[in-house]
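A.B. asks: The structure that follows is given in the form of structure tokens.
The values are calculated or read from the model by the stated rules, or taken from the named source; none is laboratory data. Please read all numbers here as calculations on a predicted model, not as lab measurements. Note: ideal-geometry Cβ built from the backbone for every residue, glycine included; neighbour counts use all protein chains shown. When the accessible area is computed, the model is the full protein with side chains, heavy atoms only, and any ligands, DNA or RNA have been set aside. Shrake-Rupley method; radii C 1.70, N 1.55, O 1.52, S 1.80 Å.
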Amino acid sequence: MDIRRFISGKRSNNNLQDMDECTSEELSQITSERCLPSSSQNPEVTRHDPTPPHSKKYHMSSMGKIYPWVICEDPRKGVFCTICQKWGNPSAGSRGAWTSRGVTDWSHATELLRAHGESRCHRDAAVTAGMSKQVECGKSVLELQCSAAAKEAACRAERNRSIVLKLMRSIYFLAKNKIPHTTVYPNLIALQVANGDALLEEHLTHGASNAQYTSKFSAVMLLDALDTWLERKQIQSLRSSPCFSILADECQDISTQEELSICCRWIVDGYPEEHFVDILHVKDADVASITQALTTFIEVNNLDYRRLVGQGYDGAATFSGCTNGVQRRIRTHSAHAVYIHCACHRLQLASIQAAEPITVINKMFGTMTSLWKLFYYSPKKAEALKVVQSVLNLPELKVVKPSSTRWLSHERCLSAIRKDLPALIITLQQLYQTSGDAEAYGISLILSSISGVASIFLYQKYLISLLGLIATCRDRLLTLVGYL
């Protein structure tokens, strides 16, 4: 673009361009010829005169190279802004400073120039200058204002979207790692700001006070939004599958309400996938309530009964009844929805029944439970165990509660006992000697006996083999053909 022709007034449509396409260097050239004192404006000063380096004229000459919109015709009247003088809003700015009243604070000139260049009124004047150029090209003011407003709205929306995305990732990280989001979320945001996140820092510093999204209520809101998005994505994938199956089980939550958890298994790109999809409240744990909950889930999510090919529940009569159970009532909607008793649950029941006649294993069951209760309900005894473990340089492991319906807990409990067996025996003997704890003494006799040690190692070896079968049954890639 011919800058000199633009300054001199010899404009043509060929030389004018959109202000949005005009670079900052070109804008600097547009105002540079009016920024510095010329010989015609002040005959006593020429552009090549050796001005003293500490004079006001020399200072403004150097500032004019950095801020080309500065004009200083008379140092006694101060400096002005050429852009704000011609295109600025009279009601904006600092009461006429830089436009009708020059700035003469030479001791703070650098700070004032920088602040004015970053001010809102100066930026608005620069936008108006660009719009005036486009009007000369034939565009209407309304079109230019709408275009500028649309660009500003798009930039603001993109910035807000980036902020919300950062907050979403923070709350997802907490939920994924099972960290309390209502208490840790504000501190996590503050940590990101402290680590140099400029976008979040600007949002918290200059954003609206009622739209910070850093409170615990905002954390719950963001988590609900993530839950809705993930659920919608899973249901869409489930609808597109050629077939699917349902897995369900009921239990009581901490408030003693009956809840029905639902998982689904479907085909994605030729491979089976299994995901938790929903948890529903049921009034009673009877056949009618559970069936109503399952049919409601299928119908609300627009799932096709004709694609339902399998059902997986436990062996309770409520689910498995062949005449009036849940699986029978579901088959009235989908005749080919085959019912399969959970393989892991059946393996658990078979193992418990096989272990009942073996006295050594039953005795070890009771010992493991008593040992867990001894240290779980007494912090003082648990601390004594930690002291002995540190002295013997053994890992500080806790005794896991053995569950009668989960063999994985039995294996973890036996593994902890085997690794910390010397520390456990010493601690139990100390408890008996110091406080006369008869239960601790009885457990120490069992663990230190030959039969007790043999039972621990043999029982763990048996459980390791059993866990291999459980892992096979829980394999997500296992299909019905492979199971049969």
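A.B. asks: Given the whole protein assembly as supplied and a 1.4 Å probe, what does the accessible area of V164 come to in Å², nearest 10?
C.D. replies: 60
A.B. asks: Here's a follow-up. Quick check: pseudo-label points 7 Å beyond the Cα along Cα→Cβ at R306 and A288, how many nm apart are they?
C.D. replies: Once both label points are built, they end up 3.2 nm from each other.
A.B. asks: Taking a 1.4 Å probe, which of T256, T369 shows the most accessible area, and what order do the others take after it?
C.D. replies: Reading off the accessible areas and sorting them downward yields T256, T369.
A.B. asks: Place a label point 7 angstrom from the Cα of F217 along the Cα-to-Cβ direction, then list the residues of segment 163-188 whose backbone nitrogen is under 16 Å away.
C.D. replies: Output list for this probe position: 182-183, 186.
A.B. asks: Measuring from label point to label point, each 7 Å out along Cα→Cβ, what is the A115 to S378 span in nm?
C.D. replies: Distance between label points: 7.1 nm.
A.B. asks: Could you tell me which of rounded, prolate or oblate describes segment 218-292, using a ≥ b ≥ c as the square roots of the eigenvalues of the alpha-carbon gyration tensor, with rounded for a/c under 1.5 and, failing that, prolate when a/b is larger than b/c and oblate otherwise?
C.D. replies: Because a/c hits 1.5 or more and a/b fails to exceed b/c, segment 218-292 counts as oblate.
A.B. asks: I'd like the FRET efficiency for L226 and C251, computed as 1/(1 + (r/R0)^6) with the beta carbon distance as r and R0 of 25 Å, rounded to 0.05.
C.D. replies: According to the calculation, E is roughly 0.55.
A.B. asks: Please provide three numbers in whole Å: the alpha-carbon extents of segment 151-222 along the principal axes, with the largest listed first.
C.D. replies: For segment 151-222, the Cα spread along each principal axis is 41, 23, 20 Å.
A.B. asks: In whole Å, what are the Cα extents of segment 274-378 along the three principal axes, biggest one first?
C.D. replies: That works out to 51, 32, 26 Å along the principal axes.
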